[in-house]
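Notes to accompany the following structure.
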């Protein structure tokens, strides 16, 4: 797919990258601010996405049922966004998906996850009327006590280009 649209100044640029290493998939997204005139609104929304991701990270461990996790994270996200005057009733996509041989690998969202399961954690917010799209997506491996963030070497702090 081609995207020939110019990158806007003083706006977010969301980049979603897929990769394959030794037959396994990776799926990582980052959002950067392009320009010099970032608003408080931009900062608040970006920080909210990071808070949602941190919250989601804290929930993941063996035994968690992803269907229930998705509901829990969505409630947290909607509550946080409501405080920022973002009125959405339903989150536009899941917060995590299975990752493995395929980017969106097969998995049972109704069964407890087990150690060494690999998932994405990808909160975001998309406000077309404001020209804002933000997503921070990391790949995680479920450990015996929580998660290992496998994409931690790619900074997720708000960066300016």
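Just so you know, all these numbers are worked out from the coordinates, no wet-lab data involved. From a predicted model like this one, the values you see are computed outputs, not experimental measurements. Cβ placement follows ideal geometry from the backbone for every residue including glycine, while neighbour counts extend to all protein chains displayed.
Looking at (1) touching a residue at least 12 places away in the same chain (Cβ under 8 Å); (2) surrounded by 13 or more Cβ atoms within 10 Å (Cβ to Cβ); (3) more than 21 Å from residue 15 (Cβ to Cβ), find the lone condition where residue 88 falls short.
(1)
Strands (runs of 3 or more DSSP E) wholly in region 37-142 with at least 1 residues that are touching a helix residue (DSSP H, G or I) at 6+ places or on another chain (Cβ under 8 Å) and farther than 30 Å from residue 22 by Cα - which ones? Steps first, answer last, please.
Numbers: elements: 118-121, 124-127, 132-135, 138-142.
So the answer is 124-127, 132-135.
Would you call residue 136 touching a strand residue (DSSP E or B) at 6+ places or on another chain (Cβ under 8 Å), more than 30 Å from residue 9 (Cβ to Cβ), touching a residue at least 24 places away in the same chain (Cβ under 8 Å) and buried (at least 19 other Cβ atoms within 10 Å of the Cβ)?
Criteria not met by residue 136.
Taking the conditions exactly as written (surrounded by fewer than 19 Cβ atoms within 10 Å (Cβ to Cβ), farther than 17 Å from residue 138 by Cβ and free of Cβ contacts under 8 Å to residues at least 60 places away in the same chain), does residue 63 satisfy them or not?
The answer is yes for residue 63.
For residues that are under 22 Å from residue 8 (Cα atoms) and either without any contact (Cβ under 8 Å) to a residue 40 or more places away in the chain or in contact with a strand residue (DSSP E or B) (Cβ under 8 Å, 6 or more places away or on another chain) (or both), tally how many sit in region 113-133.
The total comes to 9.
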